[in-house]
Every structure is written in C-alpha cells, then in structure tokens.
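The values are calculated or read from the model by the stated rules, or taken from the named source; none is laboratory data. Note that this is a predicted model, so its numbers are computed, not measured. Note: ideal-geometry Cβ built from the backbone for every residue, glycine included; neighbour counts use all protein chains shown.
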Amino acid sequence: MNNKLLTLAIILSIFSVMVACNSSKKQVMVKSEKFGSFSGKDVYLYTLTNKKGDVIKLTNYGASVVEIDVPDRNGKRENVTFGYDSMEDYLKGDLYFGKVVGRYANRIAKGKFTLDGQEYSLSLNDGVNTLHGGNTGWHSRVWNAQILENTDFPAIRFSYSSPDMEEGYPGNVEVEVVYTWTDDDEIVMDYKVTTDKNTVINVTNHAYFNLHGVGNGDILDHEVIIKASAFTPVDSTLIPTGEVRKVEGTPFDFRTPHTIGERIEQPDEQLILGRGYDHNFVLDEAEEVDAMAYDPSTGRVLEVITDQPGIQLYTGNFLDGTQKGRGGKVYNYRSGLCFETQHFPDTPNHADFPAVLLTPDEPFVSSTTYRFSVRK
C-alpha cells in the first residue's frame with residue numbers, strides 16, 4: 001500500500017471511530033425504562049441528559065414532565081417540578097402534574113359551546129364547567145413515544161390520536177409534542193395538531209415549579225415577571241367575564257418584578273375569587289421572554305418563551321398537603337406555581353378573544369420553552 005492509500009485508510013478509520021462515538025453518545029442521551037401500564041398499554045419513563053449532566057424525566061402517560069434536575073448557584077442539583085415515583089402514584093394522584101392537557105386546556109363555561117351552528121356538550125369535571133379537556137382528556141391517555149435520532153440534543157416525540165366526539169369534541173384529531181432538552185437547560189415543547197373536521201383547540205403543559213427544590217417550602221418568595229399589560233378577570237366559577245382589564249394599579253401588574261407573596265393576600269376581588277392567582281394574562285408579545293420566576297435563595301431562574309397569546313399564572317391555591325410526590329416530598333399549599341402558556345379560557349364562548357378554531361386546512365403549530373439558569 002502506498003503512502004497516499006495508507007493515509008486515506010487511517011483517515012477513514014479515524015472518521016469511523018468518531019462517527020461510532022458520536023452515535024454512541026446520541027444513544028445514551030435518552031434512556032428508557034418500564035414505568036408501568038395503563039389500559040393495556042405500556043408506560044415508560046424516559047431520562048434525557050444534556051452535556052452539562054442536567055436531567056429531565058418524561059413519561060408517555062399524559063406526555064408528562066416528571067422531573068427536572070437543575071443546579072443552584074452553588075452547583076447543587078435538585079428537582080424543581082412536581083411528579084410521582086410510580087405509575088400507581090400517577091393513577092391515584094393529581095390529574096395534571098406536568099401533563100399535556102387538551103383537547104381544550106383551562107375552562108369552558110357550563111361545558112357547552114357552539115361551532116358551525118351546532119351546540120356541543122362536554123363532560124363537567126369542575127363544578128358547573130369543563131376543565132382541561134374533561135374527565136378523560138389527553139392528560140389521562142397513554143401516548144405513543146418515539147426517541148428522536150440524529151438530533152443535536154436529546155428529544156422525544158409523543159403523539160396521540162383523539163377520536164371524533166371524545167369528551168364531546170368534534171373531529172378526529174392528531175396531536176404531537178416534541179420535547180427537546182438543550183445544553184442550555186431549555187425544555188423546548190413543539191406542538192402540532194391536525195383535524196379532519198372543524199373543532200376547537202387549546203393545548204398547554206401543566207407543570208408546577210418550585211425553584212427552591214420541590215418540597216422545600218412555598219413559592220411566596222419567588223420573584224415573578226409577566227410581560228402582560230392586561231389580564232382576563234373571572235367570575236365566581238373562574239370563567240372569564242369577557243373583559244380584558246389593564247393590570248396597571250392592580251396586584252396583577254407583574255411587568256416589573258414582584259414576589260408572589262407581596263400582594264396575594266390583598267382584598268382584591270379577583271384574588272379572592274381565585275383564592276390567589278389563577279388567572280390568564282394577555283401577553284404583550286413584545287420581547288423574547290414572556291415570563292420569569294426567580295428564587296433569590298438558590299439563584300435559580302425560570303424563563304418562559306412562547307408564541308401563545310396568553311399565560312395562566314396559578315399559585316397552587318388548591319394544594320393541601322395530601323399529595324406526596326417524588327422522593328416522598330409533600331405538595332403543600334402554595335408550594336408550586338404554574339406558567340401555562342395558552343389561548344384564553346372559554347374562548348369558544350367569547351368571540352372577541354383570539355380564535356381557537358382548528359380546521360382541516362390549517363394545523364395548529366406552537367412552541368413554548370422553559371429555560372433554566374442561575375443568577376450568581
């Protein structure tokens with residue numbers, strides 16, 4: 001073999017080793033293990049690890065975020081989201097922790113709406129209203145799962161086929177969400193929904209966050225920013241009244257930082273009705289980051305980036321300490337907050353709200369990112 005051929009052979013050998021190593025690295029970016037079963041389908045727990053060694057865990061039951069392990073300013077990793085240790089705990093526990101909710105996230109008044117001249121009736125699972133798609137919404141389904149290959153970061157696609165008239169909603173609907181866990185500690189959630197018949201759609205992730213680390217106190221000292229000049233007030237059943245109210249001069253003005261606990265007990269009618277914050281904010285959509293939470297004690301920061309017109313701030317007002325999550329952590333009153341990116345609640349009954357109509361000709365495509373970092 002002459003020198004040129006020998007050199008070429010060495011280069012090809014090195015290249016093959018590099019490809020094999022890269023392939024091996026990609027394979028270990030996502031690990032799966034059996035988590036249980038439900039309705040005759042297997043449920044798996046998926047562990048996604050980025051180059052920093054930071055981890056998120058997902059399951060195809062409800063397309064759920066189970067765990068998010070990120071460091072504080074001293075490098076100590078802790079889980080900052082609500083989840084359970086076993087499938088049995090999920091079946092006995094809270095319906096929505098970390099899950100993708102639909103077909104219509106949030107509330108629909110009296111479980112009714114009219115579309116194309118026909119009235120549709122939904123199951124009532126929140127007093128006189130429908131909440132998060134009904135009793136057997138997408139949160140309670142086993143989704144198909146696909147670990148994506150040849151990606152820059154660990155990623156999984158979850159998909160589900162929702163049949164016509166499931167929970168009273170028209171249309172055969174195909175939904176998918178791709179979770180990507182980047183090396184910048186970003187959970188990128190890319191949604192796509194299609195239908196064969198006109199229907200309504202509102203999809204979100206219902207993760208709870210405590211930046212102290214789950215189980216380490218409440219979230220009242222978390223500083224929050226929401227880039228929203230208005231919010232949608234609610235009635236006594238937490239259904240929007242139809243008004244879009246300016247936040248200026250109210251406890252709902254988070255355009256500059258305020259802690260959750262600073263104004264949550266003020267005698268404001270809306271805070272009383274919600275038992276705290278449980279309201280949709282109308283995003284200004286003028287900046288990249290739409291909302292943020294910061295824990296001064298650990299330095300952890302959560303930023304929310306979305307293309308949706310609204311975000312629901314919920315401050316764990318109905319948590320009561322009866323739920324125990326991963327590692328036996330107790331979920332006490334106001335020990336977690338939610339940033340649910342969304343269209344507005346009860347939009348099918350409010351013509352002035354941003355439209356939620358899904359047609360066969362135009363799929364619903366949306367992206368939301370939860371970005372974690374540390375403030376030194």
Those strands (runs of 3 or more DSSP E) lying entirely in segment 79-173 with at least 1 residues over 30 Å from M29 (Cα atoms) and among the aliphatic types (A, V, I, L, M): 112-115
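Conditions (1) outside any loop (DSSP other than H, G, I, E, B); (2) among the small types (G, A, S), marked per residue:
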site: V177; (1), (2): yes, no
site: Y191; (1), (2): yes, no
site: G215; (1), (2): no, yes
site: I219; (1), (2): no, no
site: A230; (1), (2): yes, yes
Residue list for segment 185-242, filter: over 14 Å from I311 (Cβ atoms) and of a type in the set (A, V, I, L, M): I187, V188, V193, V200, I201, L211, V214, I219, L220, V234, L238, I239
Hits in segment 111-142 - residues which are of a type in the set (A, V, I, L, M, F, W, C) and either within 19 Å of G171 (Cβ to Cβ) or buried (at least 20 other Cβ atoms within 10 Å of the Cβ) (or both): F113, L115, L122, L131, W138, V142
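Can you tell me how many residues within segment 321-376 are among the acidic types (D, E) and farther than 26 Å from R275 by Cα?
The total comes to 3.
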Filter pass, G93 being surrounded by fewer than 24 Cβ atoms within 10 Å (Cβ to Cβ), without any contact (Cβ under 8 Å) to a residue 24 or more places away in the chain, over 12 Å from G168 (Cα atoms) and among the small types (G, A, S): no
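Is it true that E67 is at pLDDT 95 or above, of a type in the set (D, E) and surrounded by fewer than 20 Cβ atoms within 10 Å (Cβ to Cβ)?
Here the answer is no, as E67 does not meet what is asked.
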Cross-chain or 6+ apart pairs with Cβ under 7 Å, segment 35-51 first and more than 17 Å from R157 (Cβ to Cβ), then surrounded by fewer than 17 Cβ atoms within 10 Å (Cβ to Cβ) and β-branched (V, I, T): none
Some residue of segment 76-83 being within 18 Å of S37 (Cα to Cα) and either in contact with a strand residue (DSSP E or B) (Cβ under 7 Å, 6 or more places away or on another chain) or modelled with pLDDT under 95 (or both): yes
Identity of the residue in segment 150-168, at pLDDT 95 or above and out of contact with any strand residue (DSSP E or B) (no Cβ under 6 Å at 6 or more places or on another chain), that ends up surrounded by the most Cβ atoms within 10 Å (Cβ to Cβ): E167
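Hey, can you tell me all the residues within segment 179-211 that are of a type in the set (D, E, K, R) and closer than 30 Å to N349 by Cβ? Full working, then the answer.
Step one: filter segment 179-211 for residues of a type in the set (D, E, K, R), giving 183-186, 190, 192, 196-197.
Passing the criteria: D190, K192, D196, K197.
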Filter result for Q118 (modelled with pLDDT of 95 or more and within 30 Å of K52 (Cβ to Cβ)): no
Close pairs (7 angstrom Cβ cut-off, 6 or more residues apart or separate chains): among the small types (G, A, S) in segment 195-216, outside any strand (DSSP E or B) anywhere: A207/G98; G213/V80; G215/K329
Matching entry among E223, E186 (being under 19 Å from T369 (Cβ atoms), surrounded by 15 or more Cβ atoms within 10 Å (Cβ to Cβ) and touching a residue at least 60 places away in the same chain (Cβ under 8 Å)): E186
Residues located in segment 143-193, provided they are of a type in the set (G, A, S) and at positive phi: G168, G171
